[in-house]
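Read through the structure below, which is laid out as structure tokens, and then see the notes.
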Amino acid sequence: MGGNEGLRLLFDELQRLDYVIVGHKVVDGALRLERVNEFNELAVGVEDVQSPGRYSLVEGDFFRHGPDSPKKFLYPSELVLFKVSPDWSITSPDVKIDRTAFFGLKPCDLAAIKVLDRVLLNVDEFYTLYRENMAIIVENCTRPGNTCFCASMGTGPRARDSFDLAYTRLGDKLVMEAGSELGIRLLNALEVEPIDDVTYGDFVRVLNEAAEKARAGFEADNLPELLELKIASPVFREVAEKCLGCANCNMVCPTCFCFDVIDVPRVDGSAERVRVWDGCLNYTYAQVAGGHFRPDLWARYRHFVLHKFTYWMKQFGTYGCVGCGRCVTWCPVGIDLREAVLKLLRR
Amino acid sequence: MSKLRVAVYKFSSCDGCQLQFLNMEEELLQLTDMVEFALFYEARKAVEPGPYDVAFVEGAVSTTHEIEILKELREGSGILVALGACATAGGIQALRNWANVEEFKKYVYPRPEWIEVLEKVEPLSTYVKVDYEIRGCPVSKEQLLSFVLQLLKGKTPRLPVDSVCLECKRKGNVCVLVTKGIPCLGPVTMSGCGAICPSYGRGCYGCYGPMIDPRPAGLNELFKELGVSPKEIRLLFKQFTASAKEFREVHGGYG
């Protein structure tokens, strides 16, 4: 089936099934995940060029992602938890969630949803409601970028499960795999043909080649234990020398779920309790009544690294890092998580 | 409920911060049900004597007379709030701290010997204990209102102290530093403004001054790598809060 035409049919079919569609759009010189009303609003003909601390778009036929991840929708940066009226009565906001299909997510972002599921599903009300009304159309990543390391984290470049439909663009061909009943329904509606041997061979080869480009030089085996042994390593201090403590890494990370709770008083005597994104690189994050767990910036950076690779495994049975590389790209000073882990492992 | 007795006063400054009270157009009438502006020259003729529950003091201290009034205000107020960049860090008039004030007087005034000013312009905290700082040039009226409402509710007022980046990314902005190489002070500047400048595609000018535990030297290195000229870097850090210690460390290095 022709690439672009097939995707258009898929898009239309999802809309026919009453899904609101979220996909990549070009806004402010970056790919953004936003609600898309028509197929031709989706980003096309662009490629993201990412390197530590730098991001730009150029002409091209394949892109990875921008600063947004599905977290933007599943776990909004600002969420009103409840409202207190002047008479102290409490009301919860009416939460209305659209049936949403994520269109063209890369496998790293699908993996991030799986990670967040372990943390938030059936724990966080908003997240759970959103998740229950959500479809995932994933695009396998045939061309990982410069800051990508999904293959090292075992999350890509090919999605293996937990999607409704996965597609792979091979030249002008589109390879599709169903991962759920919805996926099968979509495939039936699209009238696809069974894959032939040559195309299947290409499919496997292209994604194997892609995997070689998405490695960080370390493998995920034993990483939690190996890194925990390095807790006293001077490497954390060395790497954090450059760190600004701005928390951009936390904000763009597709799995960072930490939050702060803010009470916003209104002049009519009411108040709202609002949950906002927070992050462990912020000074105030580990500040508590009577003291501070991590007043030193290097200790905050160490916590970020060890949480992603070690503590997360103990807490949730999975890595907190999916290898999307956003923390590398969107760090203003380009601190490279891959380099930090390699340094820790080598010394 | 008895009203909160408030004094609003200013020293060397432009009035822009105290005007933020009057800019609360929608909320002002409701606010005056709860707050008595006992002293507020910008808003009313009548002056009620102290003591005041809270004094909001705008402006930097640049004369000995101002020191006296400030000390009186401190003594006569339960809570003293430094309002805006001038009161918290000297503001733009503190830029004269790097020049010869006698020279300025000679060029500006026909009888310079009549002008009595201190050699250095200082924030309020140089002379008295300041209980709270509300940053910005000018302060944000949303933050100011939130501060007053928190006081009225009997809370210890809390304002954010981490980086502008946090607010910027929560808002959903794309980083102007990473995508466009625009020198932005956001990573070292205290949040609270709503990340106004990056929201319009510009770099943060740092008018809120240094955030808590900032790393301006690291940002200086980045600006150098991006090819920002030494002069431009100096001017970036030497603006609204040039006197702030952490920013001084950078622009001091450029003379």
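The values are calculated or read from the model by the stated rules, or taken from the named source; none is laboratory data. All values derive from a computational prediction rather than experimental measurement. Reconstructed Cβ throughout: ideal geometry from the backbone, glycine too, with neighbour counts over all protein chains shown.
List, please: which pairs have Cβ atoms under 7 Å, are six or more places apart or on different chains, and start with a residue in region B:243-255 that is within 17 Å of B:Ala99 (Cα to Cα) and end with one that is in a loop (DSSP other than H, G, I, E, B) and charged (D, E, K, R)?
B:His251/B:Lys238
Could you tell me whether any residue of region A:112-133 is in contact with an Asp or Glu (Cβ under 8 Å, 6 or more places away or on another chain), surrounded by fewer than 24 Cβ atoms within 10 Å (Cβ to Cβ) and assigned to a strand (DSSP E or B)? Lay out the reasoning, then the answer.
Just the residues of region A:112-133 that are in contact with an Asp or Glu (Cβ under 8 Å, 6 or more places away or on another chain), to begin with: A:131, A:133.
The next check asks that each one be surrounded by fewer than 24 Cβ atoms within 10 Å (Cβ to Cβ); those that pass are A:131, A:133.
Filter once more, so that each one left must be assigned to a strand (DSSP E or B): none.
No, region A:112-133 contains no residue that is in contact with an Asp or Glu (Cβ under 8 Å, 6 or more places away or on another chain), surrounded by fewer than 24 Cβ atoms within 10 Å (Cβ to Cβ) and assigned to a strand (DSSP E or B).
Among residues belonging to region B:212-247 that are within 14 Å of chain A (Cβ to nearest Cβ), touching a strand residue (DSSP E or B) at 6+ places or on another chain (Cβ under 9 Å) and surrounded by fewer than 20 Cβ atoms within 10 Å (Cβ to Cβ), point out the one that is nearest to B:Pro160 (Cα to Cα).
B:Ile212
Taking the options B:Val139, B:Val128, B:Val121, name whichever one is away from every other protein chain (no Cβ under 14 Å), surrounded by fewer than 22 Cβ atoms within 10 Å (Cβ to Cβ), in contact with a helix residue (DSSP H, G or I) (Cβ under 6 Å, 6 or more places away or on another chain) and touching a residue at least 40 places away in the same chain (Cβ under 8 Å).
Values: B:Val139 fails: surrounded by fewer than 22 Cβ atoms within 10 Å (Cβ to Cβ); B:Val121 fails: surrounded by fewer than 22 Cβ atoms within 10 Å (Cβ to Cβ).
None of the others qualify; the one that does is B:Val128.
Need at least 1 residues that are in contact with a Pro (Cβ under 7 Å, 6 or more places away or on another chain) and of a type in the set (A, V, I, L, M) per element, so show me which helices (runs of 4 or more DSSP H) inside region B:39-151 make the cut, counting only ones lying wholly within it. If you could, list the steps in order and put the result at the bottom.
On the way: elements: B:64-75, B:85-89, B:101-108.
Answer list for region B:39-151: B:85-89.
Out of all the residues in region B:191-206, which are within 12 Å of another protein chain (Cβ to nearest Cβ) and not in a loop (DSSP other than H, G, I, E, B)?
Passing the criteria: B:Pro198, B:Ser199.
So which of A:Asn140, A:Asn122 ends up being without any contact (Cβ under 8 Å) to a residue 12 or more places away in the chain and polar (S, T, N, Q)? Write out each step before concluding.
On the way: A:Asn140 fails: without any contact (Cβ under 8 Å) to a residue 12 or more places away in the chain.
The conditions single out A:Asn122.
Determine if region A:214-231 includes at least one residue that is crowded, with 23+ Cβ neighbours inside 10 Å, among the aromatic types (Phe, Trp, Tyr), in contact (Cβ under 8 Å) with a residue 60 or more places away in the chain and within 30 Å of A:Arg160 (Cα to Cα).
Looking for residues that are crowded, with 23+ Cβ neighbours inside 10 Å, among the aromatic types (Phe, Trp, Tyr), in contact (Cβ under 8 Å) with a residue 60 or more places away in the chain and within 30 Å of A:Arg160 (Cα to Cα), one finds none in region A:214-231, hence no.
Looking only at residues in region B:173-185 that are within 7 Å of chain A (Cβ to nearest Cβ) and part of a loop (DSSP other than H, G, I, E, B), which one is farthest from the chain's Cα centre (by Cα)?
B:Val174
Between a first residue in region B:153-166 that is within 8 Å of another protein chain (Cβ to nearest Cβ) and within 25 Å of B:Cys197 (Cα to Cα) and a second residue that is of a type in the set (A, V, I, L, M) and outside any loop (DSSP other than H, G, I, E, B), which pairs have beta carbons less than 6 Å apart while being 6 or more apart in sequence or on different chains?
Note: pairs meeting the criteria are B:Val161/B:Met190.
Could you figure out which of (1) part of a strand (DSSP E or B); (2) out of contact with any helix residue (DSSP H, G or I) (no Cβ under 9 Å at 6 or more places or on another chain); (3) buried (at least 17 other Cβ atoms within 10 Å of the Cβ) isn't true of A:Gly104?
Single failed check for A:Gly104: (2).
Where residues in region B:18-27 are more than 9 Å from chain A (Cβ to nearest Cβ) and at pLDDT 95 or above, which of them is surrounded by the fewest Cβ atoms within 10 Å (Cβ to Cβ)?
B:Leu22
Do we have B:Leu166 as more than 24 Å from B:Ser243 (Cβ to Cβ), aliphatic (A, V, I, L, M) and in a helix (DSSP H, G or I) here?
Values: more than 24 Å from B:Ser243 (Cβ to Cβ): yes; aliphatic (A, V, I, L, M): yes; in a helix (DSSP H, G or I): yes.
Criteria met by B:Leu166.
Give region A:14-37 a look and list any residue that's of a type in the set (A, V, I, L, M), closer than 18 Å to A:Leu186 by Cα and assigned to a strand (DSSP E or B), or say none.
Taking region A:14-37 and keeping what is of a type in the set (A, V, I, L, M), we get A:14, A:17, A:20-22, A:26-27, A:30-31, A:33, A:36.
Now restrict to residues that are closer than 18 Å to A:Leu186 by Cα: A:14, A:17, A:20-22.
If the condition is that a residue be of a type in the set (A, V, I, L, M), closer than 18 Å to A:Leu186 by Cα and assigned to a strand (DSSP E or B), then A:Val20, A:Ile21, A:Val22 are the ones that fit.
Kindly indicate whether any position in region A:333-347 is of a type outside the set (Ser, Thr, Tyr), over 30 Å from A:Arg158 (Cβ atoms) and modelled with pLDDT under 95. Spell out how you get there, then give the answer.
At the first step, the residues of region A:333-347 found to be of a type outside the set (Ser, Thr, Tyr) are A:333-347.
Then drop every residue that is not over 30 Å from A:Arg158 (Cβ atoms), which leaves A:333, A:347.
If we keep only those that are modelled with pLDDT under 95 too, we end up with A:347.
Within region A:333-347 (the criterion being of a type outside the set (Ser, Thr, Tyr), over 30 Å from A:Arg158 (Cβ atoms) and modelled with pLDDT under 95), the answer is yes, since at least one residue qualifies.
What are the residue pairs meeting all of these: first residue in region A:19-34, first residue farther than 19 Å from A:Val138 by Cα, second residue part of a strand (DSSP E or B) and of a type in the set (Gly, Ala, Ser), Cβ atoms under 8 Å, and 6 or more apart or on different chains?
What qualifies is A:Gly29/A:Ser56.
If you take the residues of region B:43-102 that are out of contact with any strand residue (DSSP E or B) (no Cβ under 8 Å at 6 or more places or on another chain) and of a type in the set (D, E, K, R), which of them is farthest from B:Ile134 (Cα to Cα)?
That would be B:Glu102.
Just give me the residues in region B:1-38 being touching a residue at least 40 places away in the same chain (Cβ under 8 Å), over 24 Å from B:Cys86 (Cα atoms) and not in a strand (DSSP E or B), in sequence order.
Listed by number, the residues that qualify are B:Glu27, B:Leu31, B:Met34.
Which residue is surrounded by the most Cβ atoms within 10 Å (Cβ to Cβ), if the candidates are limited to region B:59-104 and must be over 23 Å from B:Lys238 (Cβ atoms) and among the small types (Gly, Ala, Ser)?
Only one residue fits best here, namely B:Ser77.
When you scan region B:132-155, how many residues do you find that are out of contact with any Gly (no Cβ under 6 Å at 6 or more places or on another chain) and among the β-branched types (Val, Ile, Thr)?
The total comes to 2.
Of all residues in region B:211-255 being under 24 Å from B:Gly192 (Cα atoms) and acidic (Asp, Glu), which is nearest to the chain's Cα centre (by Cα)?
Here the residue is B:Glu246.
Conditions: (1) small (Gly, Ala, Ser); (2) more than 10 Å from chain B (Cβ to nearest Cβ); (3) more than 26 Å from B:Leu222 (Cβ to Cβ). A:Ala340 meets all but one. Number of the miss?
Answer for A:Ala340: the failing condition is (3).
Kindly indicate whether any position in region B:153-160 is basic (Lys, Arg) and at pLDDT 95 or above.
No, the conditions are met nowhere in region B:153-160.
Give region B:142-152 a look and list any residue that's without any contact (Cβ under 8 Å) to a residue 24 or more places away in the chain and either touching a Leu at 6+ places or on another chain (Cβ under 8 Å) or more than 8 Å from chain A (Cβ to nearest Cβ) (or both), or say none. Working first, answer last.
We begin by selecting, within region B:142-152, every residue without any contact (Cβ under 8 Å) to a residue 24 or more places away in the chain; these are B:146, B:149-150.
Passing the criteria: only B:Ser146.
Considering only region A:295-330, state which residues are surrounded by fewer than 24 Cβ atoms within 10 Å (Cβ to Cβ), within 11 Å of chain B (Cβ to nearest Cβ) and either closer than 13 Å to A:Thr255 by Cα or in contact with a helix residue (DSSP H, G or I) (Cβ under 6 Å, 6 or more places away or on another chain) (or both).
Matches in region A:295-330: A:Leu297 only.
Could you please let me know if B:Val188 is within 14 Å of chain A (Cβ to nearest Cβ), over 29 Å from A:Ala271 (Cβ atoms) and under 16 Å from the mean Cα position of the chain (by Cα)? Break it down into steps so the answer makes sense when it comes.
On the way: within 14 Å of chain A (Cβ to nearest Cβ): yes; over 29 Å from A:Ala271 (Cβ atoms): yes; under 16 Å from the mean Cα position of the chain (by Cα): yes.
It is true that B:Val188 is within 14 Å of chain A (Cβ to nearest Cβ), over 29 Å from A:Ala271 (Cβ atoms) and under 16 Å from the mean Cα position of the chain (by Cα).
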